[in-house]
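Q: The structure's right below; bear with me while I get my questions together.
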Amino acid sequence: MIEYFWLALVPPLAGFLFNGLVGKRLPARIVSGAGCAATGASFLFLLAVFAEFIRLPAEEQQIVHRLFTWIQAGTFTAECSFLLDPLSMIMLLVITGVGFLIHVYSTAYMEGETGLYRYFAYLNLFVFMMSLLVMAGNYLLLFVGWEGVGLCSYLLIGYYIERKSAGDAAKKAFVVNRVGDACFLLGVFLIFKTFGTLEFGSLFETVSRTHPQPESGFTVLAAITLLLFLGATGKSAQIPLQVWLPDAMEGPTPVSALIHAATMVTAGVYLVVRSAALYSRAPDVLLLIAVVGVLTALLAALTALVQRDIKKVLAYSTISQLGYMFMALGVGAFSTGIFHLFTHAFFKALLFLGAGSVLLRLHHELDLFRMGGLRNSLKVTCWTMWVGTAALAGIFPLSGFFSKDEILWRALDSPLGHPVFWVAGLVVAGLTAFYMCRLMFLAFYGSPGHGHGESGSEAGTAVTAPLAILAGAAAVAGVVGLPAYLGDHRLDHFLAPVFRYSYDHGVSAGHGASHSLELLAGGAALAISLLGAGLAYRLYARDRSIPRRLANRYPGLHGTLLQQFRIDQAYSRFVVGGLKVLSRRVLWRAVDVGVVDGAVNGTASLFRRWSGVATRMQSGNTRTYAAWIVTGAALVFLYLYSVID
Amino acid sequence: MGMVPATHYLALGAVLFVIGVAGFIVRRNVITMFMSVELMLNAVNLTFLAYARTWNQVDAHIFVFFVMTVAAAEAAVGLALILGLDRHSQTLDIDTVNRLQG
């Protein structure tokens, strides 16, 4: 059955069509049931495929299924082909698995919403598009999924259609993503122009033959990878296109979980890893990716320190963690990036769903400073979120410790790495522990700052069960990638066939020689995380006056952090403002009014001026007409007479 | 006595046609203009027949029958129109009927 792996796309699409077409007239239970069943069926099917896949020898773990020829034009051919290799396998399991839990959670979270059919239809379409993205066997089909998740994020962020802010956020996400998409498309054009194919298998094979060695400088590969990376910065919210993600919090909370954990933002990381054969041969672009990743991680972590909105903290945390992933990719540790993507999917989904549970309890109060004291009424949420927080902060032995530690170690150890990346990564680790513990202390401890009383409880099994499962996964997911001093890195071995055409920079080699150094680095990261957590405990657990005094003393710094270094303002002033000036002065006044309107109005006035002459011929006098006819006939006669001779 | 040459018939046809055209343009009475049209039609018929006899072909005879049929139909419709015009505006002067203009 493994050759039918692409059928995993069918249930989400069927669920989308079902809910989209007839869901409006059906009761809520059937709508949500169908939505969950679609994703669940896809997940179970993929588990069965996985059971078979894992038994294949490594060199056969590369299954291509060609469904039909999609486009044929001259020398250009685009197949509708699907690829199942370890990378897409692991992505598919995360997408459908975490996606399924989010679907189940949504049945409780979205209870009583009027547009439920719309919600579940979009959710299923999202899962379908993301699965298509990671299953695609060539860049063009990948682009379909790429655009599809962009569309779905637009639809879901703007789900609350009656709120203007939701519509604005949706448009912002879409437009910012379009900038990246345009670059991605240019990159794809350049790939076809250079190598003549878009199929992953033949393309990477060609590249490994024609470019055996990495070349620095501005080569064609550098241009291609740079364009693709710009596309990735859009989807994965990296500098300079990270501005849409915090605003995307306007959507329902489970959607945030879906966007941040299973779908959408992981697309950029996936794209770079999928194109590892290209990236590993463009060392300068890799360096750029690492720098962008580090900067994004630092900037977002700093911004998360002072946010008052619980979902914004988590959103900046996602940007920061994605920065980590790109840092790993930038130092050539592609499988490490996927490892962090894998563990991050669990704990970030968990944290968002936990935040959703808090919001349910507090009737959608988002301000952390108006929460507090929830640990008694939301026991399950509190404990599972602690697991997620500890995993995100990188506390041993939870999953985040292993993946984050591996990134930091690679940043130091890899031939493409640099101690500066490592130090910056350590700082981010400390900041992460600090802001996550701050969130937990503010939400669950201290005195209630809200008017919703001590009574009240969890929302039910549909909420708590996904939290518990995700907490379990977040705790133990690290075992697939144990560091060398503890055991076997199974994920590395599993993903190895994906990188068969990549240039080997020796990133994972030689880590047998320095166990003690790796252990020391891990210890340092853990110590810094604990330091951050301790500081958060001191500042926010009981007495919260120090942060307030600090904010009052440095209002400029506080404001800068709160508004994400005013990047949004800079964009609206220079980019949006510049576009507005260009539109008004040049495109509207000059091109539209001058050229387009001028051509239309000019034609009209030309006819108005000259039609007076023609009108005079239409006198209404029959005898004049007859005279005209005679004149005409005489002229024709004269002409014929002259021709015949 | 020899046959009348074809050129005579053709010349007569041309003269009749030009008289018809001139009459149509110069006269203002609708009925007179109508008669001028009939004159032009018959001038054409005469021309047809002159050629038919010159080349001993029957095609032109058939054309003449067509023209006569059309002329009959035209007479019926045209006279009805003239009657309508008279009832509508109590005049047969074509120059007063010029409301259809640009």
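Values in this text are rule-based calculations from the coordinates and carry no lab data. Everything numeric in this text was worked out from a predicted model, so none of it was measured. Don't worry about glycine lacking a Cβ; one is built from the backbone with ideal geometry, like all the others, and counts go over all protein chains shown.
Q: Across the Cα atoms of the range A:233-294, what radius of gyration and what greatest pairwise Cα-Cα distance (Dmax) are found, in Å?
A: For the range A:233-294, the Cα-based Rg and Dmax read 13.3, 41 Å.
Q: If you don't mind, there's one more thing I want to ask. Which net charge results for the neighbourhood of A:E250, defined as the other residues with beta-carbon distances under 13 angstrom from its beta-carbon, given Lys and Arg at +1 and Asp and Glu at -1?
A: Details: positive: A:R163, A:K164, A:K171, A:K172, A:K311, A:K312; negative: A:E162, A:D168, A:D247, A:D309.
Taking every other residue near A:E250 into account, the sum is +2.
Q: Measure nothing but the geometry: give the 0 to 90° angle between the long axis through the Cα atoms of A:10-22 and the longest principal axis through the Cα atoms of chain A, rounded to 10°.
A: Helix A:10-22 sits roughly 60 degrees off the main axis of chain A.
Q: Mind checking the mean number of beta-carbon atoms from other chains within 10 Å of the Cβ atoms in A:612-625?
A: Mean shielding by partner chains, rounded to a whole number: 4.
Q: Could you pull out the longest piece of chain A with no exposed loop trypsin sites (Lys or Arg not before Pro) in it, calling a site exposed if DSSP puts it outside H, G, I, E, B and it has at most 12 other Cβ atoms within 10 Å? Let's see the in-between values first.
A: Working: sites that count: A:R55, A:R163, A:R542.
Formally, the longest exposed-site-free interval is A:164-541.
Q: Using only Cα atoms and rounding to the nearest 10 degrees, what angle (0 to 90) does helix A:598-617 make with the longest principal axis of chain A?
A: Helix A:598-617 and the main axis of chain A meet at about 20 degrees.
Q: Sticking with this one: With a 10 Å Cβ neighbour count serving as the proxy for reagent exposure, in which order, fewest first, do B:L83, A:L140 appear?
A: Ranking B:L83, A:L140 by Cβ neighbours within 10 Å, fewest first, gives B:L83, A:L140.
Q: Please compute one quarter of the surface area of the Cα convex hull for the range A:305-350 and express it in square nanometres.
A: Values: hull surface 13.0 nm².
It is 3.2 nm².
Q: Calculate for chain B the 222 nm mean residue ellipticity that helices alone would give, adding -39,500 (n - 2.57) per DSSP H run of length 4 or more and normalising by residue count, nearest 500 deg cm²/dmol.
A: Numbers: 3 runs with 78 residues, N = 102.
Computed ellipticity for chain B at 222 nm equals -27000 deg cm²/dmol.
Q: Let me ask something else about it. If you line up the Cα atoms of chain B on their principal axes, what length do they span on each, largest first, in Å?
A: 55, 29, 24
Q: By counting other Cβ atoms within 10 Å of each Cβ, how are A:E199, A:E162, A:E406 ranked from fewest to most?
A: On the way: A:E199 22, A:E162 7, A:E406 31.
Ascending Cβ contact count within 10 Å gives the list A:E162, A:E199, A:E406.
Q: Mind pulling the angle between the C-alpha long axis of helix B:30-55 and the longest principal axis of chain B? Nearest 10 degrees, somewhere in 0 to 90.
A: Its long axis makes an angle of about 10 degrees.
Q: Please report, largest first and rounded to whole Å, the three semi-axes of the ellipsoid equivalent to chain A, where each semi-axis is the square root of five times an eigenvalue of the C-alpha gyration tensor. Walk me through the numbers before you get to the answer.
A: Working: eigenvalues 539, 210, 140 Å².
Gyration-tensor ellipsoid for chain A: 52, 32, 26 Å.
Q: For chain A, what relative contact order do you get, as a whole percent, if you take Cα pairs closer than 8 Å and at least 6 residues apart? Before the final figure, lay out the partial values.
A: On the way: 1042 pairs, mean separation 79.5, N = 645.
It rounds to 12 percent for chain A.
Q: Per-residue mean of other chain beta-carbon atoms within 10 angstrom of the beta-carbon, peptide B:20-30?
A: Numbers: counts 0, 6, 1, 0, 6, 8, 1, 1, 2, 0, 1.
So the per-residue partner count for this stretch is 2.
Q: Right, something else. Tell me what chain A gives for mean residue ellipticity at 222 nm when only DSSP H runs of n ≥ 4 count, each as -39,500 (n - 2.57), the sum divided by the residue total, rounded to 500 deg cm²/dmol. The partial results should precede the final answer.
A: Working: 27 runs with 424 residues, N = 645.
One gets -21500 deg cm²/dmol as the mean residue ellipticity at 222 nm.
Q: What longest range of chain A stays clear of loop-exposed chymotrypsin sites (Phe, Trp or Tyr not before Pro) (DSSP non-H/G/I/E/B, at most 15 other C-beta within 10 angstrom)? Intermediate values should be presented prior to the final figure.
A: Numbers: sites that count: A:F218, A:Y485.
The segment A:219-484 is the longest one with no such site.
Q: Using only the Cα atoms of the range A:329-375, build the gyration tensor, take square roots of its eigenvalues as a ≥ b ≥ c, and label the shape rounded, prolate or oblate: rounded if a/c is under 1.5, else prolate if a/b is larger than b/c, else oblate. Don't skip to the answer; put the middle values down first.
A: On the way: a/c = 4.36, a/b = 3.23, b/c = 1.35.
Prolate, since a/c reaches 1.5 and a/b exceeds b/c.
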